[in-house]
Each structure stands twice: as C-alpha cells, then as structure tokens.
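The structure appears below as structure tokens.
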Amino acid sequence: MEKIVRQSLLYDFYGELLTNHQKSIYEDFVLNDIGISEIAALRGISRQGVHDLIRRCDATLENYEDTLKLIEKFLKIKSWVTKIHTLTGEFDKLSIASIQEKELVDQINDISNQILDEI
C-alpha cells in the first residue's frame, strides 16, 4: 500500500488517539501535503523536531493497528461486500431467475451498495 494512503487510513482510524499537537502537525504533513521545512517554519520549531514527531506518530498509529487490526478488518469487509455486489450483478444477468429471486438479489445488491457507501 502506498505510504501516504497507509498514513491516511491510519490517521482516519486512530488519529483521535493522538494529542492535539500531534494531530495538527500530522494532518499538515499527511493530509494537507505541507513539507517538513514549511511546517517547522510555521510552527517555530526545528525541522528535526517535526520529522521526529511525524516518525513517532507513524509508529504510534502502526502500533494501534498491530494491536486492534481495524484497517485490516475494514479492508477485508470492503473486499467481501464488493464481491457480494459483483455476484449479485452477475446473478441479475441470468434469464432463468424468477421475479422473486431477482427482487431478492436486488435487495441484496441495494444493501451491499449502502454498506460500500458507508465505508
């Protein structure tokens, strides 16, 4: 997984567990794509301090994921629901299905769409 995408997912799932100071700097770096030097200048701290804080935040967020595995579970569930969505689309193409079966598959498809929209 690309590093920035990984960092964004980690922040989405566990960012609230960081301090306000950590969140602010981490958001600037990861979400707002502001460079370390610019963050340091804006905050009046050293470039090394910003770098160390980001590195510590990465490690902290990874530790949360190693323990709780929320992102792993999220991606697995998303994959399963996508598969359900794909299979219902294939079933919908079958001409041998009864109207009741097609209605049931449509309901399953609607639910899988709702789940995908929520996650």
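Only the coordinates and a few stated rules stand behind these numbers; no lab work does. All values derive from a computational prediction rather than experimental measurement. Reconstructed Cβ throughout: ideal geometry from the backbone, glycine too, with neighbour counts over all protein chains shown.
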Counting only helical runs of four or more DSSP H residues, what would the 222 nm mean residue ellipticity of the chain come to if each run contributes -39,500 (n - 2.57) and the total is spread over all its residues? -25500 deg cm²/dmol
Nearest 10, in degrees from 0 to 90: the angle of helix 47-68 to the longest Cα principal axis of the chain is 40 degrees
If the cut-off is 26 Å between C-alpha atoms, which lysines fall inside it for Lys23, apart from same-chain ones fewer than 8 positions away? Lys3, Lys69, Lys73
Can you give the three extents of the C-alpha atoms in the chain along their principal axes, from longest to shortest, in whole Å? 69, 27, 22
The long-range amide H neighbours of Ile34, using H built 1.01 Å from N in the peptide plane and a cut-off of under 5 Å, are Phe29
Hey, what angle do you get for helix 99-118 against the long axis of the chain, alpha-carbon based, 0 to 90 degrees rounded to 10? 0 degrees
Rounded to whole Hz and in sequence order, give me ³J(HN,Hα) for region 21-38 from the Karplus expression 6.51 cos²θ - 1.76 cosθ + 1.60, θ = phi - 60°, writing x for Gly and Pro. 5, 4, 4, 4, 5, 5, 4, 4, 6, 7, 8, 9, 6, 9, x, 4, 4, 5
Here, Asp33 and Ser79, labelled 7 Å along Cα→Cβ, have an inter-label distance in nm of 2.9 nm
Provide Arg47, Arg55 in ascending order of the number of other Cβ atoms located within 10 Å of each residue's Cβ, fewest first. Arg55, Arg47
